[in-house]
1. Keeping to the range 191-234, report how many residues are over 18 Å from residue 73 (Cα atoms) and of a type in the set (A, V, I, L, M).
2. Restricting attention to the range 163-202, and to residues there that are modelled with pLDDT under 95 and of a type outside the set (D, E, K, R), which single residue is surrounded by the most Cβ atoms within 10 Å (Cβ to Cβ)?
3. Restricting to the range 239-265, give me the number of residues that are farther than 17 Å from residue 201 by Cα and touching a residue at least 24 places away in the same chain (Cβ under 8 Å).
4. Take residue 210 and decide whether it is surrounded by 11 or more Cβ atoms within 10 Å (Cβ to Cβ) and not in a strand (DSSP E or B).
5. If you scan the range 54-95, which residues turn out to be in a strand (DSSP E or B) and in contact with a His (Cβ under 7 Å, 6 or more places away or on another chain)?
6. Exactly one condition in (1) within 20 Å of residue 101 (Cα to Cα); (2) surrounded by 15 or more Cβ atoms within 10 Å (Cβ to Cβ); (3) not polar (S, T, N, Q) is false for residue 267; which is it?
7. Tell me, which residue of the range 35-67 that is surrounded by 16 or more Cβ atoms within 10 Å (Cβ to Cβ) and either at pLDDT below 95 or of a type in the set (D, E, K, R) (or both) is farthest from residue 148 (Cα to Cα)?
8. Consider the range 237-264. How many of its residues are under 12 Å from residue 274 (Cβ atoms) and more than 24 Å from the chain's Cα centre (by Cα)?
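The values are calculated or read from the model by the stated rules, or taken from the named source; none is laboratory data. Small disclaimer: the values here were computed from a predicted structure and weren't measured. For neighbour counting, all protein chains shown are included, and Cβ atoms are generated from backbone atoms with ideal geometry for every residue, glycine included.
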Amino acid sequence: MDKKVEQQLSELNLSNIKLISLESAENDRLLSVKKDRSKGEYCWTMTPFTPEIVFQLAPEAKRVTYLDADLFFYDNPTCFFEEFEKTHKDVLITEHGFAPEYAHWEEASGRFCVQFLTFNNTPEAFKVMRWWQDACIDWCYARIEKDRFGDQKYLNQWPGLFEEHVHILTQVNRTLAPWNVSFYMAKQTQAPVFYHFHSLRLAGKKIVRLYEGYLISKQSMFLYRAYMSTLQEKLKLLNMQQMDIPSFPEKISLFMLLRRCRDLLKKTVKYSVLKY
């Protein structure tokens with residue numbers, strides 16, 4: 001989805017990565033709506049097409065799992081696939097699993113999160129996939145409507161439309177994110193399988209905004225420390241290879257400064273300094 005990322009990954013030549021260029025993945029249907037979508041909206045529009053693209057390149061694959069780029073794994077997801085296989089269904093989806101204090105966000109964002117989705121190589125899975133493709137071609141925007149928000153809120157309809165083919169992962173306590181980590185980590189000591197680093201961004205060459213809009217408990221911060229350690233290693237590698245490290249500085253304005261002061265006092269935003 002990004003030419004510079006494609007170029008850098010190509011130069012790194014990682015043995016466990018097979019790159020798929022945007023140009024080779026696009027089709028006439030996607031190109032017909034591209035001009036009507038922002039870059040982010042077009043990324044969302046592409047999402048339901050990515051499993052099929054992988055199946056086309058690897059027709060022998062048993063299943064394809066879509067992952068959000070801001071997931072970080074702390075354990076092997078085998079336990080998810082074992083649960084899925086026991087159901088003999090064709091598609092696996094995950095809930096947001098909002099903590100009670102964030103439950104009201106479900107109305108806007110949807111019950112399910114496009115973060116970890118598995119499609120089996122079966123006609124039934126392709127039926128769900130094609131339905132999603134059609135929906136996103138028709139409408140996929142970064143605005144909230146009653147039954148729609150980007151590519152994500154369409155998943156709300158799947159349990160009703162495809163009840164016999166879609167399985168909802170039950171291990172919500174192992175798919176953590178800023179909107180539920182403090183709630184679940186207060187009840188358990190077991191690390192999640194993955195953590196969704198929603199709202200984390202490189203705010204400068206060596207400044208990382210860890211989260212924004214959430215209260216993250218002290219006992220949950222080990223997840224961020226592990227991620228930051230790995231992030232620093234990878235950025236150091238890019239630096240040694242003399243590759244550009246992109247950052248997304250926050251807009252400077254009086255309103256933004258006042259907002260940040262408020263968030264810092266409420267402890268709903270946190271920054272960290274990179275050392276590489």
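1. 6
2. 191
3. As a first pass, look at the range 239-265 and keep what is farther than 17 Å from residue 201 by Cα: 239-243, 253-255, 257-259, 261-262, 265.
Still in the running and touching a residue at least 24 places away in the same chain (Cβ under 8 Å): 239, 241, 243.
Going through the range 239-265 one residue at a time, the tally reaches 3.
4. Working: surrounded by 11 or more Cβ atoms within 10 Å (Cβ to Cβ): yes; not in a strand (DSSP E or B): no.
In short, no.
5. 71, 91, 92, listed by residue number.
6. Only one criterion is unmet by residue 267, namely (2).
7. The residue in question is 63.
8. 1
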